[in-house]
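Encoded as structure tokens, the structure appears first; notes follow it.
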Amino acid sequence: YDKPVLTYVSRESSCWNRCIRNEDKLVRSLEKHFVVQVMDFSAGLSVEESVHMIMKTNILMGLHGAGLGYTVLLPPGAMLVELKGGFGH
């Protein structure tokens, strides 16, 4: 790829208390600067598919939560961007 690969962990399908309301706009904006992969667990993504995505990730980005546990599988030199907010406020 000619741009870094950013994997965005989506919580859109489980958006009951922690989500980014304009997630589609965020992803479109990120696509201007990165090759964006959206990791959506509600889409039936298998563990094997998830691991394959993570192994080619330069930047893992998402809201605080269990989906960021894949950090342990990131290749050397990859980064984590953890988003937090005032949940329930």
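General observations
- Restricted to the stretch 21-38, and to residues there that are out of contact with any helix residue (DSSP H, G or I) (no Cβ under 6 Å at 6 or more places or on another chain) and among the hydrophobic types (A, V, I, L, M, F, W, C), the residue that is most open to solvent (accessible area, probe 1.4 Å) is Val38.
- Considering the stretch 39-75, and only residues there that are under 12 Å from the mean Cα position of the chain (by Cα) and loosely packed, with under 12 Cβ neighbours inside 10 Å, the residue that is modelled with the highest pLDDT turns out to be Gly69.
- Some residue of the stretch 16-23 being modelled with pLDDT of 95 or more and over 14 Å from the mean Cα position of the chain (by Cα): no
- Scanning the stretch 20-59 for residues being within 15 Å of Leu74 (Cα to Cα) and of a type outside the set (Ser, Thr, Tyr) gives a total of 13.
The values are calculated or read from the model by the stated rules, or taken from the named source; none is laboratory data. Bear in mind the structure is a predicted one, so any value in this text is a computation, not a measurement. For neighbour counting, all protein chains shown are included, and Cβ atoms are generated from backbone atoms with ideal geometry for every residue, glycine included. With ligands, DNA and RNA removed, areas are computed over all heavy atoms of the protein, side chains included. Shrake-Rupley method; radii C 1.70, N 1.55, O 1.52, S 1.80 Å.
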